[in-house]
Amino acid sequence: MTNRYTDYNNWAWLYNKTVGPDYSQPQLSLLKRVFLPQIPDQGRILDLCCGTGQLIQPLVAAGYQVTGLDGSEEMLTYARQNAPQASYLLEDARQFKSETAFDGIFSTSASLNHLMSLTELRQVFERVYAALRNGGLFVFDLNHPRQLERWWRGQPTEGEINRRYAWMITPHYDPDTAEGAFVVNISQAAQSHLGLGLLLSPLKRLLYKILSRPRFIGIRLKLLQNFDRIEPHWQQRTLTYSIKGHPIDAVKDTLEQVGFTNVVLQTIDGHSNIDNNHSAHFICTKPFSVQMTNASSQANSSFA
Ligand SMILES: C[S@@+](CC[C@H](N)C(=O)[O-])C[C@H]1O[C@@H](n2cnc3c(N)ncnc32)[C@H](O)[C@@H]1O
């Protein structure tokens with residue numbers, strides 16, 4: 001029995017306001033290009049590791065029957081608020097079961113990099129395979145080892161300061177172990193005892209507003225690195241998320257061993273050359289006539 005992955009519980013409230021909406025726009029463009037054209041009208045879709053559900057809402061609005069699955073109860077709480085018409089499964093991607101045979105399953109924003117071994121990734125692929133109808137589509141993205149080595153260098157990459165909270169993400173990766181993590185530093189302002197406002201001087205408010213402009217990212221990240229000294233009374237929290245860099249070829253082989261066919265790789269912009277500046281988006285199909293390999297018969301039988 002695998003433990004359900006719950007690490008995002010403490011990040012959920014902030015993820016829902018920040019990276020959730022930010023990441024969903026480019027991901028939705030990719031889904032519109034490679035995924036939705038192959039899903040029938042009102043078709044059944046599973047958003048695997050759906051997080052706070054920003055992708056679910058537009059798909060429901062477009063008429064699809066969407067289910068969101070996530071291991072984090074808190075992430076699902078926000079997903080339910082964002083897209084109340086969808087169905088939800090609080091389950092681990094390595095062991096989920098679904099009564100529904102989905103027309104398509106997708107997983108975005110490198111969620112599957114949290115699977116820390118190829119064996120676990122394969123477990124997910126087997127669950128996905130079993131949950132798809134024959135001819136169904138599976139699309140997901142991964143940050144790959146060359147990209148991680150190039151960009152995850154222990155320097156802060158994203159962050160925001162406003163009068164209520166501040167946050168910063170610092171990713172790092174060790175090519176020798178193919179393991180890494182990103183650290184999320186979160187600071188929250190103290191509420192005044194009357195609850196009427198936040199204890200922040202007008203000057204600081206103005207500074208934080210100016211620094212929120214995209215062009216001040218460098219100064220903002222520098223400030224964020226010393227934020228506990230700048231706002232010593234704010235509540236500080238550090239969250240760490242482990243990831244694995246799975247080699248692209250090994251992932252492709254594993255998908256094929258499980259029974260997927262037509263495995264195609266693209267960048268988010270649709271290029272077939274996956275360089276070290278881009279994540280790898282995998283697009284693959286469960287064939288219509290399924291050859292019963294050992295892996296696919298195991299994946300199917302566990303749903304009997
Ligand atoms: C980076 S977030 C992405 C969320 C959403 N897909 C998006 O694009 O914004 C990763 C999500 O994957 C979920 N997750 C990671 N590993 C999981 C697992 N083994 N089972 C279920 N959910 C998992 C986390 O709880 C989190 O909500």
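Here, each number is a calculation from the coordinates, and none is a lab measurement. This structure is a prediction, so every number in the text was calculated from the model and none was measured. Using ideal geometry, Cβ is built from the backbone for each residue, glycine included, and neighbour counts are taken over all protein chains shown.
Grab every C-alpha pair in the chain, bin the distances at 10 angstrom width from 0 up to the longest one, and report whole percents.
Histogram of Cα-Cα distances, whole percents per bin: 6, 26, 33, 22, 10, 3, 0.
Compute, for the chain, the length of the dipole vector about the Cα centre, with Cβ point charges of +1 (Lys, Arg) and -1 (Asp, Glu) only. Units Debye, rounded to 20.
Approximately 1100 debye in magnitude.
With each label point set 7 Å from Cα along the Cα-Cβ vector, what nm distance links N9 and N162?
The two pseudo-label positions are separated by 2.6 nm.
Taking the stretch 148-243 on its own, what percent of its Cα-Cα pair distances exceed 23 Å?
Tail of P(r) above 23 Å: 32 percent of Cα pairs.
Which percentage, to the nearest 5, of the DSSP beta bridges contained in the stretch 93-180 is antiparallel?
So the antiparallel bridges amount to about 60 percent of the total.
Let me confirm the definition first: pairs of Lys residues in the chain, 8 or more apart or on different chains, C-alpha distance under 18 Å. How many are there?
Going through the chain pair by pair, I get 6.
Please arrange T100, T2 by counting, for each residue, the other beta carbons lying within 10 Å of its beta carbon, fewest first.
Sorted ascending by nearby Cβ count, the order is T2, T100.
Students often check this: by mean Cβ neighbours within 10 Å, which of 45-57, 203-215, 141-153 ranks highest, and how do the rest follow?
Answer by packing, highest mean first, reads 45-57, 141-153, 203-215.
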